[in-house]
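Some notes on the structure that comes next.
The values are calculated or read from the model by the stated rules, or taken from the named source; none is laboratory data. Given the structure is predicted, the values throughout are model-derived calculations rather than measurements. A quick note on method: Cβ atoms are made from the backbone with ideal geometry, for glycine too, and the neighbour counts reach across all protein chains shown. Remember, those area values only see protein heavy atoms, side chains included, never the ligands or the DNA or RNA. Shrake-Rupley method; radii C 1.70, N 1.55, O 1.52, S 1.80 Å.
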Amino acid sequence: MRNPERRRAARLAAGLVSIVLAAAVARPVVHVVRTALRERGFSKLTPVWGPTDVEDISRLNRTRVRAMTRLPEDEAGAIEMLRRLLRDAKEQHLSVSIAGARHSMGGHTFTPDGVVVDMLPLRAMSLDDQRNLLHVQAGAKWEDVIPFLGARGLSVSIMQSDSPFTVGGSLSVNCHGWQNDRPPLASTVESFRLLLADGRIIRCSRTENSEIFSAALGGYGLLGIILDADLRVVPDARYRIERKLVPSPEYVAELDAAVRSGPVGLAFGRLNVTRRRFLEQAELTTFVRTSDARPGEPIVELAPWTVSLERWIFRGSQGSEYGKELRWSLETSFSPWFFERRTHRNQVMQTRVDLYENRDPTQTDILQEYFVPRERLEEFLRRVRAVVPAHAADLLNVTLRDVRRDDDTLLRYADGDVVALVFFFSQPRSEEADAAMQALTRELIDASLLVGGRYYLPYRLHASRKQFQRAYPKHETFFALKRAVDPDELFQNQFYRAYGPAPRAEMA
Ligand SMILES: Cc1cc2nc3c(=O)[nH]c(=O)nc-3n(C[C@H](O)[C@H](O)[C@H](O)COP(=O)(O)OP(=O)(O)OC[C@H]3O[C@@H](n4cnc5c(N)ncnc54)[C@H](O)[C@@H]3O)c2cc1C
(Lines give C-alpha, C1' and ligand atoms only; values in the text may rest on other atoms or scores of the structure.)
Protein backbone atom coordinates (compact mmCIF):
# COMPACT_ATOMS: atom_id res chain seq x y z
CA MET A 1 0.00 0.00 0.00
CA ARG A 2 1.19 3.51 -0.77
CA ASN A 3 1.79 5.96 2.08
CA PRO A 4 -1.34 8.20 1.68
CA GLU A 5 -3.55 5.10 1.56
CA ARG A 6 -1.89 3.68 4.64
CA ARG A 7 -2.39 6.97 6.47
CA ARG A 8 -6.06 7.04 5.46
CA ALA A 9 -6.58 3.46 6.66
CA ALA A 10 -4.87 4.29 9.97
CA ARG A 11 -7.04 7.40 10.39
CA LEU A 12 -10.15 5.36 9.65
CA ALA A 13 -9.17 2.70 12.20
CA ALA A 14 -8.39 5.37 14.82
CA GLY A 15 -11.74 7.02 14.11
CA LEU A 16 -13.58 3.74 14.50
CA VAL A 17 -11.80 2.94 17.77
CA SER A 18 -12.62 6.45 19.07
CA ILE A 19 -16.29 6.01 18.17
CA VAL A 20 -16.44 2.62 19.91
CA LEU A 21 -14.63 4.02 22.97
CA ALA A 22 -16.80 7.15 23.06
CA ALA A 23 -19.95 5.01 22.78
CA ALA A 24 -18.72 2.75 25.60
CA VAL A 25 -17.93 5.69 27.86
CA ALA A 26 -20.74 8.04 26.85
CA ARG A 27 -23.66 6.01 28.17
CA PRO A 28 -22.31 5.47 31.68
CA VAL A 29 -21.11 9.07 31.87
CA VAL A 30 -24.47 10.42 30.72
CA HIS A 31 -26.25 8.14 33.22
CA VAL A 32 -24.08 9.22 36.15
CA VAL A 33 -24.29 12.91 35.18
CA ARG A 34 -28.07 12.66 34.90
CA THR A 35 -28.22 11.13 38.40
CA ALA A 36 -25.93 13.85 39.73
CA LEU A 37 -28.17 16.56 38.25
CA ARG A 38 -31.27 14.96 39.77
CA GLU A 39 -29.50 14.70 43.13
CA ARG A 40 -28.53 18.38 43.00
CA GLY A 41 -32.18 19.23 43.59
CA PHE A 42 -32.27 17.20 46.83
CA SER A 43 -30.91 17.85 50.28
CA LYS A 44 -30.41 15.59 53.28
CA LEU A 45 -33.78 14.56 54.71
CA THR A 46 -34.29 14.48 58.45
CA PRO A 47 -37.35 12.60 59.73
CA VAL A 48 -39.79 14.78 61.72
CA TRP A 49 -38.84 14.72 65.39
CA GLY A 50 -41.06 16.85 67.60
CA PRO A 51 -42.30 18.89 69.21
CA THR A 52 -45.74 17.39 68.51
CA ASP A 53 -45.19 14.91 65.67
CA VAL A 54 -42.60 12.19 65.15
CA GLU A 55 -41.62 9.68 62.48
CA ASP A 56 -38.81 7.19 62.05
CA ILE A 57 -36.31 6.72 59.25
CA SER A 58 -38.97 5.14 56.99
CA ARG A 59 -40.72 8.54 56.77
CA LEU A 60 -43.95 6.58 56.33
CA ASN A 61 -45.48 6.88 59.77
CA ARG A 62 -45.79 10.48 60.95
CA THR A 63 -47.57 10.29 64.31
CA ARG A 64 -48.84 12.83 66.84
CA VAL A 65 -47.53 12.17 70.36
CA ARG A 66 -48.44 13.63 73.75
CA ALA A 67 -44.92 14.63 74.76
CA MET A 68 -41.24 14.10 74.06
CA THR A 69 -38.73 13.95 76.85
CA ARG A 70 -35.13 14.84 76.27
CA LEU A 71 -33.01 13.72 79.20
CA PRO A 72 -30.24 15.76 80.77
CA GLU A 73 -26.72 14.44 80.23
CA ASP A 74 -26.01 13.86 83.91
CA GLU A 75 -27.06 10.38 84.91
CA ALA A 76 -28.60 11.16 88.31
CA GLY A 77 -30.74 13.93 86.80
CA ALA A 78 -31.79 11.66 83.91
CA ILE A 79 -32.84 8.82 86.23
CA GLU A 80 -34.76 11.24 88.43
CA MET A 81 -36.56 12.61 85.37
CA LEU A 82 -37.35 9.12 84.05
CA ARG A 83 -38.81 7.97 87.37
CA ARG A 84 -41.04 11.04 87.49
CA LEU A 85 -42.10 10.46 83.89
CA LEU A 86 -43.02 6.82 84.59
CA ARG A 87 -45.08 7.84 87.66
CA ASP A 88 -46.92 10.53 85.69
CA ALA A 89 -47.51 8.28 82.68
CA LYS A 90 -49.01 5.60 84.93
CA GLU A 91 -51.31 8.12 86.62
CA GLN A 92 -52.45 9.55 83.31
CA HIS A 93 -52.72 6.15 81.55
CA LEU A 94 -50.19 7.15 78.91
CA SER A 95 -47.83 4.74 77.19
CA VAL A 96 -44.08 5.30 77.15
CA SER A 97 -41.83 4.54 74.16
CA ILE A 98 -38.06 4.66 74.01
CA ALA A 99 -36.11 6.16 71.12
CA GLY A 100 -32.46 5.80 70.15
CA ALA A 101 -31.41 6.89 66.67
CA ARG A 102 -34.87 5.90 65.26
CA HIS A 103 -33.57 3.74 62.45
CA SER A 104 -36.24 1.13 63.09
CA MET A 105 -39.01 1.50 60.51
CA GLY A 106 -42.32 0.43 62.00
CA GLY A 107 -43.07 2.93 64.77
CA HIS A 108 -41.00 0.91 67.26
CA THR A 109 -40.12 4.19 68.99
CA PHE A 110 -43.56 5.75 69.52
CA THR A 111 -47.33 5.30 69.86
CA PRO A 112 -50.09 7.79 68.99
CA ASP A 113 -50.67 10.11 71.95
CA GLY A 114 -47.88 8.46 73.93
CA VAL A 115 -44.77 9.83 75.60
CA VAL A 116 -41.41 9.39 73.86
CA VAL A 117 -38.10 9.25 75.72
CA ASP A 118 -35.14 10.44 73.66
CA MET A 119 -32.08 8.55 74.96
CA LEU A 120 -29.43 10.36 72.90
CA PRO A 121 -28.08 12.62 75.69
CA LEU A 122 -26.99 9.58 77.76
CA ARG A 123 -23.81 8.78 75.84
CA ALA A 124 -20.90 8.53 78.28
CA MET A 125 -18.47 5.61 78.13
CA SER A 126 -15.40 4.21 79.89
CA LEU A 127 -13.16 1.19 79.56
CA ASP A 128 -12.23 -1.52 82.04
CA ASP A 129 -8.97 -2.42 80.32
CA GLN A 130 -8.20 -5.28 82.70
CA ARG A 131 -11.29 -7.14 81.50
CA ASN A 132 -11.61 -5.60 78.01
CA LEU A 133 -15.09 -4.41 78.93
CA LEU A 134 -16.66 -1.26 77.54
CA HIS A 135 -19.06 0.43 79.95
CA VAL A 136 -21.37 2.53 77.78
CA GLN A 137 -24.60 4.45 78.26
CA ALA A 138 -27.48 3.42 76.02
CA GLY A 139 -27.77 6.65 74.02
CA ALA A 140 -24.17 6.48 72.74
CA LYS A 141 -23.86 5.76 69.02
CA TRP A 142 -21.38 3.30 67.55
CA GLU A 143 -19.91 6.19 65.55
CA ASP A 144 -18.76 7.64 68.91
CA VAL A 145 -17.82 4.29 70.43
CA ILE A 146 -15.52 3.36 67.51
CA PRO A 147 -13.05 6.29 67.87
CA PHE A 148 -13.12 5.89 71.67
CA LEU A 149 -12.09 2.24 71.38
CA GLY A 150 -9.79 2.89 68.41
CA ALA A 151 -7.70 5.29 70.48
CA ARG A 152 -7.01 2.33 72.78
CA GLY A 153 -6.29 -0.18 70.00
CA LEU A 154 -9.70 -1.81 70.45
CA SER A 155 -12.86 -2.29 68.45
CA VAL A 156 -16.55 -3.21 68.78
CA SER A 157 -17.06 -6.95 68.86
CA ILE A 158 -20.44 -7.18 67.10
CA MET A 159 -22.46 -4.35 65.54
CA GLN A 160 -24.40 -3.53 62.38
CA SER A 161 -22.69 -2.87 59.05
CA ASP A 162 -23.25 0.87 59.65
CA SER A 163 -22.47 3.04 62.64
CA PRO A 164 -25.22 5.67 63.20
CA PHE A 165 -27.16 3.48 65.66
CA THR A 166 -27.31 3.73 69.45
CA VAL A 167 -26.11 1.01 71.78
CA GLY A 168 -29.60 0.85 73.39
CA GLY A 169 -31.36 0.52 70.03
CA SER A 170 -28.86 -2.11 68.91
CA LEU A 171 -29.25 -4.17 72.10
CA SER A 172 -33.03 -3.94 71.83
CA VAL A 173 -33.06 -5.43 68.31
CA ASN A 174 -30.07 -7.70 69.04
CA CYS A 175 -28.27 -6.61 65.89
CA HIS A 176 -25.63 -8.40 63.85
CA GLY A 177 -23.26 -7.33 61.08
CA TRP A 178 -20.28 -8.43 59.00
CA GLN A 179 -18.64 -10.29 61.91
CA ASN A 180 -18.68 -13.77 60.40
CA ASP A 181 -18.73 -16.89 62.49
CA ARG A 182 -20.31 -15.01 65.41
CA PRO A 183 -23.77 -14.90 67.02
CA PRO A 184 -25.61 -11.56 67.26
CA LEU A 185 -24.73 -8.70 69.64
CA ALA A 186 -26.30 -10.26 72.77
CA SER A 187 -23.42 -12.75 72.87
CA THR A 188 -21.02 -9.89 73.68
CA VAL A 189 -23.07 -8.47 76.56
CA GLU A 190 -21.68 -9.08 80.03
CA SER A 191 -24.52 -7.24 81.78
CA PHE A 192 -26.77 -4.17 81.58
CA ARG A 193 -28.86 -2.02 83.92
CA LEU A 194 -32.58 -1.79 83.28
CA LEU A 195 -35.00 0.81 84.66
CA LEU A 196 -38.32 -0.96 85.21
CA ALA A 197 -41.82 0.51 84.96
CA ASP A 198 -42.06 0.71 88.78
CA GLY A 199 -38.89 2.83 88.96
CA ARG A 200 -36.53 0.11 90.23
CA ILE A 201 -33.16 -0.35 88.55
CA ILE A 202 -31.96 -3.93 88.18
CA ARG A 203 -28.78 -5.46 86.79
CA CYS A 204 -29.31 -8.21 84.23
CA SER A 205 -26.75 -10.80 83.18
CA ARG A 206 -26.61 -14.52 82.48
CA THR A 207 -26.54 -15.11 86.24
CA GLU A 208 -28.58 -12.18 87.60
CA ASN A 209 -32.21 -11.66 86.46
CA SER A 210 -31.33 -13.98 83.61
CA GLU A 211 -34.89 -14.27 82.27
CA ILE A 212 -35.15 -10.52 81.88
CA PHE A 213 -31.66 -10.51 80.34
CA SER A 214 -32.98 -12.85 77.61
CA ALA A 215 -36.14 -10.86 77.06
CA ALA A 216 -34.80 -7.30 77.07
CA LEU A 217 -32.02 -8.10 74.57
CA GLY A 218 -33.95 -8.15 71.31
CA GLY A 219 -36.98 -7.01 73.35
CA TYR A 220 -37.77 -3.76 71.50
CA GLY A 221 -37.96 -1.57 74.60
CA LEU A 222 -40.91 -3.47 76.06
CA LEU A 223 -39.30 -4.65 79.31
CA GLY A 224 -37.86 -1.35 80.50
CA ILE A 225 -35.27 1.28 79.72
CA ILE A 226 -31.71 0.03 79.24
CA LEU A 227 -29.56 2.64 80.95
CA ASP A 228 -26.10 1.28 80.21
CA ALA A 229 -24.29 -1.95 79.35
CA ASP A 230 -20.96 -3.70 79.75
CA LEU A 231 -19.86 -5.05 76.37
CA ARG A 232 -16.90 -7.28 75.55
CA VAL A 233 -14.61 -5.67 73.02
CA VAL A 234 -11.89 -7.02 70.70
CA PRO A 235 -8.57 -5.69 69.37
CA ASP A 236 -8.65 -3.45 66.33
CA ALA A 237 -6.89 -5.33 63.51
CA ARG A 238 -5.39 -4.64 60.10
CA TYR A 239 -7.00 -6.46 57.21
CA ARG A 240 -6.26 -7.40 53.61
CA ILE A 241 -9.42 -7.18 51.49
CA GLU A 242 -10.18 -10.05 49.13
CA ARG A 243 -13.03 -10.15 46.64
CA LYS A 244 -14.32 -13.06 44.62
CA LEU A 245 -17.26 -13.58 42.25
CA VAL A 246 -19.08 -16.83 42.97
CA PRO A 247 -22.27 -18.51 41.73
CA SER A 248 -24.90 -18.16 44.47
CA PRO A 249 -25.24 -21.94 45.10
CA GLU A 250 -21.53 -22.00 46.01
CA TYR A 251 -21.57 -18.94 48.26
CA VAL A 252 -21.54 -20.70 51.63
CA ALA A 253 -18.87 -23.22 50.56
CA GLU A 254 -16.68 -20.39 49.21
CA LEU A 255 -17.05 -18.43 52.44
CA ASP A 256 -16.12 -21.49 54.49
CA ALA A 257 -13.11 -22.14 52.24
CA ALA A 258 -11.96 -18.53 52.69
CA VAL A 259 -12.32 -18.83 56.47
CA ARG A 260 -10.29 -22.07 56.46
CA SER A 261 -7.49 -20.52 54.45
CA GLY A 262 -6.87 -17.46 56.63
CA PRO A 263 -8.03 -15.54 59.71
CA VAL A 264 -11.12 -13.80 58.34
CA GLY A 265 -12.23 -11.01 60.70
CA LEU A 266 -15.19 -9.70 58.70
CA ALA A 267 -17.05 -10.99 55.65
CA PHE A 268 -20.08 -10.22 53.55
CA GLY A 269 -21.54 -11.02 50.17
CA ARG A 270 -23.50 -8.96 47.68
CA LEU A 271 -25.91 -10.53 45.22
CA ASN A 272 -26.34 -9.45 41.63
CA VAL A 273 -29.73 -7.69 41.36
CA THR A 274 -29.74 -7.15 37.59
CA ARG A 275 -32.52 -8.79 35.58
CA ARG A 276 -30.00 -10.84 33.54
CA ARG A 277 -28.44 -12.66 36.50
CA PHE A 278 -31.04 -11.96 39.20
CA LEU A 279 -29.68 -13.29 42.53
CA GLU A 280 -27.59 -15.91 40.70
CA GLN A 281 -24.17 -14.50 41.39
CA ALA A 282 -22.54 -13.08 44.49
CA GLU A 283 -19.45 -11.06 45.21
CA LEU A 284 -17.86 -12.39 48.37
CA THR A 285 -15.70 -9.88 50.26
CA THR A 286 -13.49 -11.07 53.08
CA PHE A 287 -11.26 -9.07 55.41
CA VAL A 288 -8.24 -11.19 56.28
CA ARG A 289 -6.37 -10.25 59.44
CA THR A 290 -2.72 -9.36 58.80
CA SER A 291 -1.66 -7.82 62.16
CA ASP A 292 -2.89 -5.88 65.18
CA ALA A 293 -3.75 -2.25 64.50
CA ARG A 294 -1.92 0.30 66.61
CA PRO A 295 -3.80 2.47 69.13
CA GLY A 296 -5.16 5.49 67.28
CA GLU A 297 -4.92 3.88 63.83
CA PRO A 298 -6.44 6.68 61.72
CA ILE A 299 -9.95 6.40 60.34
CA VAL A 300 -9.62 8.06 56.98
CA GLU A 301 -12.44 10.28 55.70
CA LEU A 302 -13.34 9.61 52.08
CA ALA A 303 -12.64 12.47 49.68
CA PRO A 304 -15.87 14.37 48.88
CA TRP A 305 -15.65 13.46 45.17
CA THR A 306 -15.44 9.74 46.05
CA VAL A 307 -18.50 10.05 48.28
CA SER A 308 -20.42 11.81 45.50
CA LEU A 309 -19.37 9.35 42.80
CA GLU A 310 -20.21 6.29 44.90
CA ARG A 311 -23.50 7.89 45.81
CA TRP A 312 -24.46 8.69 42.21
CA ILE A 313 -23.57 5.18 41.06
CA PHE A 314 -25.75 3.69 43.82
CA ARG A 315 -28.67 6.13 43.53
CA GLY A 316 -28.49 5.84 39.73
CA SER A 317 -29.60 2.22 40.12
CA GLN A 318 -32.97 3.32 41.57
CA GLY A 319 -35.71 2.75 38.99
CA SER A 320 -33.14 1.94 36.29
CA GLU A 321 -32.17 -1.47 34.95
CA TYR A 322 -29.23 0.13 33.16
CA GLY A 323 -28.16 1.76 36.45
CA LYS A 324 -28.21 -1.64 38.17
CA GLU A 325 -26.10 -3.19 35.38
CA LEU A 326 -23.67 -0.29 35.52
CA ARG A 327 -23.29 -0.46 39.29
CA TRP A 328 -22.72 -4.22 39.26
CA SER A 329 -20.10 -4.09 36.49
CA LEU A 330 -18.30 -1.07 37.98
CA GLU A 331 -18.21 -2.49 41.49
CA THR A 332 -17.25 -6.02 40.51
CA SER A 333 -14.83 -5.29 37.64
CA PHE A 334 -13.23 -1.98 38.57
CA SER A 335 -13.50 -1.83 42.34
CA PRO A 336 -10.05 -3.42 42.92
CA TRP A 337 -8.55 -0.39 41.15
CA PHE A 338 -10.60 2.20 42.99
CA PHE A 339 -11.05 0.78 46.47
CA GLU A 340 -8.38 0.17 49.08
CA ARG A 341 -6.94 -3.34 49.34
CA ARG A 342 -5.83 -2.83 52.92
CA THR A 343 -7.80 -1.44 55.80
CA HIS A 344 -8.46 -1.95 59.49
CA ARG A 345 -11.48 -3.07 61.45
CA ASN A 346 -12.53 0.31 62.82
CA GLN A 347 -12.24 1.88 59.38
CA VAL A 348 -14.63 -0.71 57.92
CA MET A 349 -17.14 -0.40 60.77
CA GLN A 350 -17.23 3.42 60.68
CA THR A 351 -19.40 3.60 57.58
CA ARG A 352 -21.24 6.57 56.17
CA VAL A 353 -24.92 6.41 55.27
CA ASP A 354 -24.51 9.49 53.06
CA LEU A 355 -22.94 7.11 50.53
CA TYR A 356 -26.38 5.71 49.79
CA GLU A 357 -29.21 7.36 51.80
CA ASN A 358 -32.29 8.39 49.85
CA ARG A 359 -32.80 12.16 49.59
CA ASP A 360 -35.73 12.10 47.19
CA PRO A 361 -38.70 13.47 49.19
CA THR A 362 -41.18 11.41 47.14
CA GLN A 363 -39.36 8.10 47.75
CA THR A 364 -38.05 6.09 50.65
CA ASP A 365 -35.74 3.11 51.08
CA ILE A 366 -37.10 0.12 52.93
CA LEU A 367 -35.00 -2.62 54.45
CA GLN A 368 -36.06 -6.20 55.05
CA GLU A 369 -34.06 -9.09 56.36
CA TYR A 370 -34.46 -12.85 56.25
CA PHE A 371 -32.46 -15.52 58.05
CA VAL A 372 -32.24 -18.95 56.46
CA PRO A 373 -30.35 -22.10 57.45
CA ARG A 374 -26.97 -22.07 55.68
CA GLU A 375 -27.69 -25.26 53.74
CA ARG A 376 -31.01 -23.90 52.42
CA LEU A 377 -29.84 -20.58 51.01
CA GLU A 378 -30.25 -21.62 47.37
CA GLU A 379 -33.73 -23.04 48.02
CA PHE A 380 -34.76 -19.69 49.51
CA LEU A 381 -33.20 -17.76 46.61
CA ARG A 382 -35.10 -19.87 44.08
CA ARG A 383 -38.35 -18.73 45.68
CA VAL A 384 -37.25 -15.10 45.90
CA ARG A 385 -36.29 -15.11 42.20
CA ALA A 386 -39.95 -15.78 41.42
CA VAL A 387 -41.55 -13.51 44.05
CA VAL A 388 -39.73 -10.19 43.61
CA PRO A 389 -40.13 -9.78 39.80
CA ALA A 390 -43.81 -10.74 40.08
CA HIS A 391 -44.32 -7.65 42.27
CA ALA A 392 -42.19 -5.40 40.05
CA ALA A 393 -40.43 -4.14 43.16
CA ASP A 394 -37.34 -1.97 42.87
CA LEU A 395 -34.67 -4.02 44.65
CA LEU A 396 -31.43 -2.05 44.86
CA ASN A 397 -29.24 -4.31 46.94
CA VAL A 398 -29.01 -7.64 48.74
CA THR A 399 -26.16 -8.40 51.10
CA LEU A 400 -25.37 -11.72 52.75
CA ARG A 401 -23.98 -12.20 56.25
CA ASP A 402 -22.90 -15.20 58.27
CA VAL A 403 -24.70 -15.29 61.65
CA ARG A 404 -24.21 -18.04 64.19
CA ARG A 405 -26.75 -19.52 66.59
CA ASP A 406 -28.08 -17.17 69.27
CA ASP A 407 -28.45 -18.89 72.64
CA ASP A 408 -29.15 -15.72 74.60
CA THR A 409 -32.42 -14.11 73.58
CA LEU A 410 -36.09 -15.08 73.61
CA LEU A 411 -37.15 -13.34 70.39
CA ARG A 412 -34.26 -14.89 68.50
CA TYR A 413 -33.95 -14.80 64.74
CA ALA A 414 -30.88 -17.05 64.58
CA ASP A 415 -32.16 -20.29 66.02
CA GLY A 416 -29.27 -22.08 64.31
CA ASP A 417 -26.38 -21.07 62.05
CA VAL A 418 -27.92 -18.92 59.34
CA VAL A 419 -27.25 -16.78 56.32
CA ALA A 420 -28.79 -13.34 56.80
CA LEU A 421 -30.06 -11.67 53.62
CA VAL A 422 -30.58 -7.91 53.83
CA PHE A 423 -32.90 -6.60 51.11
CA PHE A 424 -32.80 -2.92 50.27
CA PHE A 425 -35.85 -1.71 48.32
CA SER A 426 -36.83 1.71 47.07
CA GLN A 427 -40.52 2.65 47.04
CA PRO A 428 -42.70 5.75 46.65
CA ARG A 429 -43.93 7.37 49.88
CA SER A 430 -47.59 6.52 49.37
CA GLU A 431 -50.20 4.27 50.94
CA GLU A 432 -50.57 2.26 47.72
CA ALA A 433 -46.83 1.62 47.53
CA ASP A 434 -46.79 0.63 51.20
CA ALA A 435 -49.68 -1.80 50.64
CA ALA A 436 -47.89 -3.27 47.62
CA MET A 437 -44.73 -3.67 49.71
CA GLN A 438 -46.75 -5.41 52.41
CA ALA A 439 -48.04 -8.00 49.91
CA LEU A 440 -44.49 -8.63 48.68
CA THR A 441 -43.09 -8.81 52.21
CA ARG A 442 -45.64 -11.40 53.29
CA GLU A 443 -44.66 -13.64 50.37
CA LEU A 444 -40.99 -13.28 51.21
CA ILE A 445 -41.67 -14.08 54.86
CA ASP A 446 -43.58 -17.20 53.76
CA ALA A 447 -40.62 -18.16 51.58
CA SER A 448 -38.26 -17.84 54.55
CA LEU A 449 -40.59 -19.81 56.85
CA LEU A 450 -40.87 -22.58 54.26
CA VAL A 451 -37.13 -23.19 54.41
CA GLY A 452 -37.06 -23.09 58.22
CA GLY A 453 -36.00 -19.44 58.34
CA ARG A 454 -37.17 -16.23 60.02
CA TYR A 455 -37.52 -12.55 59.30
CA TYR A 456 -36.15 -9.51 61.16
CA LEU A 457 -38.41 -7.41 63.39
CA PRO A 458 -37.13 -3.78 63.32
CA TYR A 459 -38.53 -2.94 59.89
CA ARG A 460 -42.07 -2.23 58.55
CA LEU A 461 -44.79 -4.09 60.44
CA HIS A 462 -45.90 -5.90 57.30
CA ALA A 463 -45.92 -9.44 58.70
CA SER A 464 -49.29 -10.91 59.64
CA ARG A 465 -49.79 -11.84 63.28
CA LYS A 466 -49.66 -15.53 62.29
CA GLN A 467 -46.36 -15.06 60.48
CA PHE A 468 -44.90 -13.29 63.53
CA GLN A 469 -46.03 -16.11 65.81
CA ARG A 470 -44.60 -18.78 63.52
CA ALA A 471 -41.27 -17.02 63.15
CA TYR A 472 -40.94 -16.30 66.87
CA PRO A 473 -42.28 -19.38 68.69
CA LYS A 474 -41.27 -18.03 72.12
CA HIS A 475 -43.53 -14.97 71.75
CA GLU A 476 -45.91 -16.15 74.48
CA THR A 477 -43.13 -16.49 77.04
CA PHE A 478 -41.80 -13.11 75.95
CA PHE A 479 -45.12 -11.26 76.30
CA ALA A 480 -45.95 -13.04 79.57
CA LEU A 481 -42.65 -11.85 81.02
CA LYS A 482 -43.26 -8.34 79.70
CA ARG A 483 -46.60 -8.24 81.50
CA ALA A 484 -45.08 -9.66 84.67
CA VAL A 485 -42.51 -6.85 84.94
CA ASP A 486 -44.76 -4.17 83.42
CA PRO A 487 -48.32 -5.10 84.53
CA ASP A 488 -49.77 -1.72 83.49
CA GLU A 489 -48.24 -2.08 80.03
CA LEU A 490 -46.57 1.28 80.37
CA PHE A 491 -43.90 0.46 77.79
CA GLN A 492 -45.53 0.25 74.39
CA ASN A 493 -44.81 0.97 70.77
CA GLN A 494 -46.43 0.20 67.41
CA PHE A 495 -44.66 -3.16 67.26
CA TYR A 496 -46.29 -4.18 70.57
CA ARG A 497 -49.67 -2.98 69.41
CA ALA A 498 -49.36 -4.99 66.19
CA TYR A 499 -48.12 -8.29 67.63
CA GLY A 500 -48.59 -8.10 71.40
CA PRO A 501 -51.46 -9.68 73.32
CA ALA A 502 -54.01 -6.97 72.42
CA PRO A 503 -54.51 -7.54 68.70
CA ARG A 504 -55.01 -4.67 66.30
CA ALA A 505 -58.07 -5.59 64.24
CA GLU A 506 -56.46 -5.06 60.85
CA MET A 507 -53.44 -7.28 61.62
CA ALA A 508 -55.45 -10.30 62.77
C1 LIG B 1 -29.64 1.85 56.92
C2 LIG B 1 -29.85 0.79 57.95
C3 LIG B 1 -28.93 -0.24 58.06
C4 LIG B 1 -29.11 -1.25 59.01
N5 LIG B 1 -28.20 -2.26 59.09
C6 LIG B 1 -28.37 -3.23 60.01
C7 LIG B 1 -27.42 -4.28 60.15
O8 LIG B 1 -26.42 -4.33 59.44
N9 LIG B 1 -27.64 -5.22 61.09
C10 LIG B 1 -28.72 -5.19 61.92
O11 LIG B 1 -28.85 -6.08 62.76
N12 LIG B 1 -29.62 -4.21 61.82
C13 LIG B 1 -29.47 -3.23 60.89
N14 LIG B 1 -30.39 -2.23 60.82
C15 LIG B 1 -31.49 -2.19 61.79
C16 LIG B 1 -31.00 -1.48 63.05
O17 LIG B 1 -30.07 -2.28 63.73
C18 LIG B 1 -32.16 -1.21 64.02
O19 LIG B 1 -33.12 -0.42 63.40
C20 LIG B 1 -31.67 -0.56 65.32
O21 LIG B 1 -32.71 -0.52 66.23
C22 LIG B 1 -31.21 0.83 65.08
O23 LIG B 1 -30.77 1.43 66.29
P24 LIG B 1 -31.45 2.79 66.76
O25 LIG B 1 -30.57 3.43 67.75
O26 LIG B 1 -31.83 3.59 65.58
O27 LIG B 1 -32.75 2.20 67.47
P28 LIG B 1 -34.26 2.81 67.51
O29 LIG B 1 -34.86 2.66 66.16
O30 LIG B 1 -34.24 4.16 68.09
O31 LIG B 1 -34.94 1.79 68.50
C32 LIG B 1 -35.12 0.46 68.14
C33 LIG B 1 -35.85 -0.28 69.28
O34 LIG B 1 -35.03 -0.26 70.44
C35 LIG B 1 -35.73 0.31 71.54
N36 LIG B 1 -34.75 1.05 72.34
C37 LIG B 1 -33.92 2.03 71.92
N38 LIG B 1 -33.14 2.44 72.95
C39 LIG B 1 -33.51 1.72 74.04
C40 LIG B 1 -33.09 1.69 75.40
N41 LIG B 1 -32.13 2.49 75.86
N42 LIG B 1 -33.71 0.82 76.24
C43 LIG B 1 -34.68 -0.02 75.80
N44 LIG B 1 -35.12 -0.02 74.52
C45 LIG B 1 -34.54 0.83 73.65
C46 LIG B 1 -36.79 1.19 70.91
O47 LIG B 1 -37.89 1.37 71.77
C48 LIG B 1 -37.15 0.39 69.67
O49 LIG B 1 -38.11 -0.59 69.97
C50 LIG B 1 -30.25 -1.22 59.87
C51 LIG B 1 -31.18 -0.18 59.76
C52 LIG B 1 -30.99 0.81 58.80
C53 LIG B 1 -32.01 1.90 58.67
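Net charge dipole, region 1-41: roughly 160 debye, given to the nearest 20, about the Cα centre with Cβ charges of +1 for Lys and Arg and -1 for Asp and Glu. Cα centroids of region 272-310 and region 399-426: 21 Å apart. Projecting the Cα atoms of Val25, Asn3, Ala36 onto the charge dipole of region 1-41, computed from C-beta unit charges around the Cα centre, puts Asn3 farthest toward the positive end. Place a point 7 Å from Cα of Ala386 in the direction of its Cβ. Which residues in region 424-465 have their backbone N less than 12 Å from it? Under 12 Å, as judged by backbone N against the label point of Ala386, lie 447 of region 424-465. Protection proxy ranking of 12-20, 401-409, by the mean of other Cβ atoms within 10 Å over each peptide's residues and highest first, is 401-409, 12-20.
Estimated purely from DSSP H runs of n ≥ 4, each contributing -39500 (n - 2.57), the mean residue ellipticity at 222 nm for the chain is -11000 deg cm²/dmol once divided by its residues.
For the chain, the carbon plus sulfur part of the accessible surface works out to 53%, probe radius 1.4 Å. Computed over the chain, relative contact order equals 16 percent, with contacts defined as Cα pairs under 8 Å that lie 6+ residues apart. Using the Cβ of Gly177 as centre and a radius below 10 Å, the other residues enclosed give a net charge of +1, where K and R count +1 and D and E count -1. When only Cα pairs below 8 angstrom with a gap of at least 6 residues are kept, region 241-460 shows a relative contact order of 22 percent.
Per residue, the convex hull around the alpha carbon atoms of the chain comes to 170 Å³.
Each DSSP beta bridge with both residues in the chain is either parallel or antiparallel, and the antiparallel ones are about 90%. When both bridge partners sit in region 1-150, DSSP labels roughly 45% of those beta bridges antiparallel.
Approximating the spin labels as points 7 Å out from Cα along Cα→Cβ, the Glu190-to-Arg131 distance works out to 0.3 nm.
Sorting 209-215, 348-354, 303-309 by average packing, meaning the other beta carbons within 10 Å per residue, from highest down gives 209-215, 348-354, 303-309. Relative to the current alpha-carbon distance between Lys44 and Gln438, full extension at 0.36 nm per residue lengthens the span by 139.2 nm.
Counting 0.36 nm for each residue step from Arg277 to Asp417 and taking away their Cα separation leaves a gain of 47.7 nm.
Probing with 1.4 Å while keeping every protein chain in the model, the per residue accessible area of region 154-284 equals 33 Å².
How much net charge surrounds Arg240 when only the other residues with a Cβ under 12 Å from the Cβ of Arg240 are counted, with Lys and Arg +1 and Asp and Glu -1? Here the count lands on +3. Membrane-span-like helices in the chain, defined here as complete DSSP H runs extending at least 18 Å along the helix axis by their C-alpha atoms with mean Kyte-Doolittle hydropathy no lower than -1.0, are 3-40, 75-91, 377-390, 431-450; this is a sequence and geometry rule, not a statement about a membrane. For region 209-269 versus region 67-138, the spacing of their alpha-carbon centroids is 26 Å.
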